[in-house]
Amino acid sequence: MPEILFLTSIPSSFAEGDLRMLRERYPVREVIVGGNPVQKMTQKLSLGLAILSGVLRADMTFSWFAHSHAFLAVMLSRLLGKKSLVVVGGYEVAREPDIGYGALLDQRLTGKIQYIIENADCILAVSEFSKREILRVARPRRIETVYNSVDTSVFSPEGQKENVVLTVCFVSAANIKVKGLDTFIEAARHFPEARFVLLGRALDDAIAILRQKAPENVKFIEPIGQYEIIQWYRRAKVYCQLSYRESFGVALAEAMSCECVPVVTDRGALPEVVGDVGFVVPYGDTRATVDAISRALTSDMGPAARERVSDFFSVERRGEELRRVITTLQS
């Protein structure tokens, strides 16, 4: 049974879920890099030594996100004859100058990302869309699509649905366009009888900007924790993900698992996640979005949305796929 060195630069729910799954089956050591890109030389040296020590003691490295920690882990793994696996979250292979989004907009990062993709023993994409994006950047030795997952026992329906249209994201000036929050606000004007809820932590003064344009039926809520988010998923009849780009859409899958009817844009992996159990609209098209929300509010596709998550995006399925990949890498 291989000993795994688990590395991530951001303590995200995606990475934490994989860490829990891996620990159920394998001996795992972890290195959490932290999200501060500006580190003192002593901090960088300490981190480098921690990764070197971990690679020496492990049989395999498992890195979430193709950032600097993965670059070092892949390089050391190659030098020391160890296996390396990297999950590409999506931002790393994005180049969207219209919205200022993507690591590939920074030429200094492009070389590192290409090295990671080309030299890791296996690259994991979180969707088929993300896989295509990765292949545009570089040619990996091996690439597999293993969808992100949702714990359907936690994200589950309960009680009666209400006339609520929900979207969930960090609220920032950048995300007004990236997450389509302007379209969400404009669509709300057409449904005075429904409540539109924007749920998410404010990162800057974007909520104040949005409030100036929002009709009275739009509610802005900064959730205290996961429990409050789940309660809103359970109350909402419709979930909107009106993004410019998504490599997967975990919040979307969480909402679907709670039987929300999804309305999403035709961008990134969103149609791939929704399949035939929701409504797909062009990005930024308010009229089409209004029509889709109207149909979703009277739709009975909520249970089918949850079934799709159970079939394709469950924790159990991702765990099985990760174990399969790890076993084949070690053979």
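We did not get these values from a lab; they are worked out from the coordinates using the rules stated. Please read all numbers here as calculations on a predicted model, not as lab measurements. When we count neighbours, we look across all protein chains shown, and the Cβ atoms used for this are built from the backbone with ideal geometry, even at glycine.
When only alpha carbons of the range 162-312 are considered, Rg and Dmax amount to 13.7, 42 Å.
If you add up the charges near residue 84, with Lys and Arg at +1 and Asp and Glu at -1, over every other residue whose beta carbon is less than 13 angstrom from its beta carbon, what do you get?
On the way: positive: 78, 82, 83, 141, 142; negative: 59, 118, 121.
It works out to a net charge of +2.
Taking other residues whose beta carbon is less than 10 angstrom from the beta carbon of residue 236, and scoring Lys, Arg as +1 and Asp, Glu as -1, yields +3.
The largest-to-smallest principal axis extents of the Cα set in the range 28-165 are 56, 37, 33 Å. As a ratio to 2.2 N^0.38 Å, the alpha-carbon radius of gyration computed for the chain takes the value 1.03.
In order along the range 139-148, the phi-based Karplus estimate (6.51 cos²θ - 1.76 cosθ + 1.60, θ = phi - 60°) of 3J(HN,Hα) comes to 9, x, 5, 8, 9, 9, 9, 10, 4, 4 Hz; Gly and Pro are listed as x.
Only helices enter this figure: runs of n ≥ 4 DSSP H residues, each worth -39500 (n - 2.57), summed and divided by the residues of the chain, yield -13500 deg cm²/dmol at 222 nm to the nearest 500.
Using only Cα atoms and rounding to the nearest 10 degrees, what angle (0 to 90) does helix 41-57 make with the longest principal axis of the chain? Roughly 70 degrees, rounded to the nearest 10. Backbone amide hydrogens, once placed in the peptide plane, bring residue 263 within less than 5 Å of 239, 240, 241, 279, excluding anything fewer than 5 places away on its chain. Compute the long axis of helix 68-80 from its Cα atoms, compare it with the longest principal axis of the Cα atoms of the chain, and write down the angle in degrees, 0 to 90, nearest 10. Taking Cα atoms only, the helix is inclined about 30 degrees. Other residues with beta-carbon under 11 Å from the beta-carbon of residue 177 carry, at +1 per Lys or Arg and -1 per Asp or Glu, a net charge of -1.
In this simple spin-label model, placing a label point 7 Å from the Cα along the Cα-to-Cβ direction at both residue 115 and residue 300 gives a separation of 5.8 nm. Close amide H pairs (under 5 Å, H built 1.01 Å from N) link residue 30 with 6, residues at least 5 positions away or on another chain. Reported value for the range 162-242: 78 Å³ per residue, from the convex hull of its C-alpha atoms. Shown for the chain: lysine pairs separated by 8 or more places, or found on different chains, whose C-alpha atoms are under 30 Å apart, numbering 28. Put the Cα centre of the range 186-244 next to the Cα centre of the range 1-30 and the gap is 33 Å. Judged by the mean number of other Cβ atoms found within 10 Å, the most tightly packed of the peptides 14-27, 208-221 leads the ranking 14-27, 208-221. Give the separation of the Cα centroids, the range 252-331 to the range 124-140, in Å. The distance from the Cα centre of the range 252-331 to that of the range 124-140 comes to 19 Å.
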